Structure formats: structure tokens, C-alpha cells
Amino acid sequence: MRQTSLTRNTVEFSAYLVGTMRLGKWGENFNTKQWIDFIEESLDLGLKDFDHADIYGDYTTEADFGRALMEKPHLRDEMQITSKCGIKMPAENRPEFKIKSYDSSEKHIIQSVENSLRNLHTDYIDVLLLHRPDFLMNPNEIAETFEKLKDDGKVKYFGVSNFTPSQFEMINNVYPLVTHQVEASLGHLNPFEDGTLDQLMMKNIRPTAWSPLGGGHFMRKGNSKEQQELNQTLKNLSAKYELNTAQLMLLFLKKHPSGIIPVLGTSKTERLKEALKVESKSMEKEDWYALYSAAKGEELP
């Protein structure tokens, strides 16, 4: 396996990444004015990172966002754009994709980046992530592709998303990665237990976390004993910290020493403001474990 001579770079993210998945066709279906307003309000709050993927909105959301940048090109200099590629998803405008699959070949990555650059109306992407691990991936080919994109000035930084620790290490061993985007929340505790966060801490790499509120699962009522216990724990701690449930769940993630940066999927700037209020709070260790145990539905061993 090739060994890279490149020095690891670091990227500075905002306190949160602003997720775009539900702002286009897959959710709010923002028009260009709504996109501009939302982008400007996010930037005014100090949230400069916008999280994309080529597949969002059936390959349409990046173009929706790009129309906002075409109208207000100065906004590009005020933001960082993360995008993801590597999933081939059948869609109306991708008739050549017959089944959902993963592709980390040089040809697919470069074509995906070219599509994203054109759709986003930008000359470069700040952070490019491989969206899902391709079981047939060749790490040397990926590293050479990343080097080419960086040398051409089309991508500044690289990372992965949803990889196992060994898959992350395989790529990181031949090309220095700057982040790993994983699913992490009270509803998905795997990264705390499977070595993912431990690995990133050893390498001083900050993770980003998608679905940090567990897809809203914890905002709904449940009748099981475990759900009732968790709801009561959330209620008690919400009162103690003067935070609502969503804020408390973000504080739970923020407590971890790996420096988890949540990706917020909201279309409401009020929710962004609420999230930022968490930055002034600190959770006590016993309270963190109370939430962890309640989410597991059992006492720790």
C-alpha cells in the first residue's frame, strides 16, 4: 500500500454544521429567495459551514443552493461547503444508475466533484467526504484521486462518512483525512462503543455527527418502560439545565472529549439560535451517564 508524504491539514468548523438535506426537494423545497434568506441568517449567527451531498433531493439540492450563490456570489467567500459523493442512487436524472450502489473509483469521484462544482456555482469544495464505504474501494486509487483534486484546486480537504474504524484507517494511512461524519445521538450510541471516537481522538481529528437528535425519535411519546424512563430523565435534566430536549441532546454530544460537531437538519433559524445557546452550558459527568444509561435501557455493567 502506498504511503503518502502529505502533511495532515486541519479544518476549522463552526460550532455546528448546517445540514441541507431537508431544505430542498426532500423536505421544505425552498425557493431561491428562501435559500438566500436562510444562508444569510445562518452566516449572521456565525454558522458558516453548510453540509451537502450530491444525492440530496435526487441530485437537485446542490443546484438549488447554487442558484442562491449565483444571485449573491459574495456569500461564497463567507462560508465553507462540505459535500459528499460515492453513492450511486437511481433517480430520474441519473437513469444510468440501475441499482443503489457505492463507487469510490477515480472516474466517479472526479465526475461527482465536477457536477457539484457546476451545480453549486463554485470553483472549489472546502471538504469532500466519501459518503459511504465502497466495499470494493482501492485506497491507493482514492489517495491519488484526492491528490489530483487538491492539486487542481478543486477540493481543499478530504474525509469520510459512515466508515468503520478499520475502513477509516485504511484510507487515512495513505491520505490524511480531516474528519469523519458519523451517526451519533442518544438513539445511536455505536460510535461511543465501537472505537470510532477513540480512534479520532488518538489522531486529533474532530468528528461531525449527522442525525444528532435521533431523527426526532426522542421528541415523541413512548409507552415502553424504557422510553418512559428516558423521557423522565430528559425531563429532569431539562429542568436542571434550563434546556429543552433537543438542546439537551446536543449538550450530550458536546460533552464528549472528541469534540463532536453536530449537523443540524432544521429549516428554522430559531432552532439554530436555540442550538447556539448550548455553547454556554456544561454537562456534569453523572448526568451524561444518566442519559447514556437511560438511552441504553439498562444500567452500565
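Answer yes or no as to whether residue 64 is in contact with a Phe, Trp or Tyr (Cβ under 8 Å, 6 or more places away or on another chain) and within 28 Å of residue 204 (Cα to Cα).
For residue 64, the condition - in contact with a Phe, Trp or Tyr (Cβ under 8 Å, 6 or more places away or on another chain) and within 28 Å of residue 204 (Cα to Cα) - is not met.
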State all residues of the stretch 129-159 that are under 23 Å from residue 258 (Cα atoms) and out of contact with any helix residue (DSSP H, G or I) (no Cβ under 6 Å at 6 or more places or on another chain); if no residue qualifies, say none. 129, 130, 131, 132, 156, 157, 159
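The rows are residues; the columns are (1) in a helix (DSSP H, G or I); (2) surrounded by 17 or more Cβ atoms within 10 Å (Cβ to Cβ); (3) in contact with a Ser or Thr (Cβ under 8 Å, 6 or more places away or on another chain).
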residue: 258; (1), (2), (3): no, yes, no
residue: 263; (1), (2), (3): no, yes, yes
residue: 271; (1), (2), (3): yes, no, no
residue: 274; (1), (2), (3): yes, yes, no
residue: 278; (1), (2), (3): yes, yes, no
residue: 282; (1), (2), (3): no, no, no
residue: 286; (1), (2), (3): yes, no, no
residue: 293; (1), (2), (3): yes, no, no
residue: 298; (1), (2), (3): no, no, no
Conditions: (1) out of contact with any His (no Cβ under 8 Å at 6 or more places or on another chain); (2) not in a loop (DSSP other than H, G, I, E, B). Residue 62 meets all but one. Number of the miss? (1)
Looking at this structure, is residue 83 in contact (Cβ under 8 Å) with a residue 40 or more places away in the chain, touching a strand residue (DSSP E or B) at 6+ places or on another chain (Cβ under 6 Å) and in a helix (DSSP H, G or I)? no
(1) closer than 30 Å to residue 296 by Cβ; (2) touching a Leu at 6+ places or on another chain (Cβ under 7 Å) all hold for residue 158 apart from (1)
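Rule-based calculations on the coordinates, nothing more; no lab input. Because the structure is a prediction, the values reported are computed rather than measured. A quick note on method: Cβ atoms are made from the backbone with ideal geometry, for glycine too, and the neighbour counts reach across all protein chains shown.
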